[in-house]
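The values are calculated or read from the model by the stated rules, or taken from the named source; none is laboratory data. Small disclaimer: the values here were computed from a predicted structure and weren't measured. Backbone-built Cβ (ideal geometry, glycine too); neighbour counts: all protein chains shown.
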Amino acid sequence: MDFLKLAHVRYSVRAYRPDSVPEAILQQILDAARMAPTAANRQAFRLIVVHTAGREQELKRIYCRDWFVQPPLIIGICAIAADAWKRSTDGKNYGDVDATIAMDHLIMAAADLGLGTCWIAAFDPKAAREILHIPEGIEPVAFTPLGFPADKPGLKKRQPIENLVLYESWPHP
Ligand SMILES: Cc1cc2nc3c(=O)[nH]c(=O)nc-3n(C[C@H](O)[C@H](O)[C@H](O)COP(=O)(O)O)c2cc1C
């Protein structure tokens, strides 16, 4: 699909069919994340692919919504701060940004291939660490369910472009 159309068509899917995701499609989606740009090409992230079958109750400890565990797969993305590029002037670590861009590539690729996703930030990081054995120093940044949608998109609520875009500088006081 044309990217500009895809940007309008993607939506947060909060109901999923149980149908499995073909392995070739999953690999295409993961490859889109692999191709994401990262600061200084450090690729300071890891994707965790989790099969939900038989683990629904345990996985709901990460994010307690029935639809989170409805599809066959959940994908988590973690930032590796120690590997990430840091800006020399102020030390800002770009690991979270790398992880976010990779996840967005994955989410847009999924939408392009007819699959549903939903960004999840309101998860329990402690439960995620325990259940997925994520060590200290590795930051779980976001999760998404991944499967075929069982709902329909609603109306997109967005601010008008003039509220979101400034030209030349922040407005003077
Ligand atoms: C960083 C981020 C975190 C989000 N976390 C959650 C979440 O924890 N739970 C949820 O249901 N939706 C979450 N969302 C989805 C947003 O609510 C959704 O993207 C927004 O309302 C716009 O709707 P749309 O995605 O359908 O266009 C998150 C989105 C982003 C980008």
With the first residue restricted to region 147-165 and required to be outside any loop (DSSP other than H, G, I, E, B), and the second required to be β-branched (Val, Ile, Thr), Cβ contacts under 9 Å at 6 or more apart or on different chains are 147/13; 147/21; 147/52; 147/117; 149/13
If you go through 55, 61, 14, 34, the only one that is basic (Lys, Arg) and in contact with a Gly (Cβ under 9 Å, 6 or more places away or on another chain) is 14
Exactly one of 140, 135, 171 is at pLDDT below 95 and either in contact with a His (Cβ under 7 Å, 6 or more places away or on another chain) or of a type outside the set (A, V, I, L, M) (or both), and that one is 171
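Table: residues versus (1) at pLDDT below 95; (2) more than 13 Å from the chain's Cα centre (by Cα); (3) not hydrophobic (A, V, I, L, M, F, W, C).
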{"position": "30", "(1), (2), (3)": "no, no, no"}
{"position": "39", "(1), (2), (3)": "no, yes, no"}
{"position": "64", "(1), (2), (3)": "no, yes, no"}
{"position": "95", "(1), (2), (3)": "no, yes, yes"}
Quick one: would you say residue 134 is in contact with a Lys or Arg (Cβ under 8 Å, 6 or more places away or on another chain) and away from the ligand (no atom under 16 Å from the Cβ)?
no
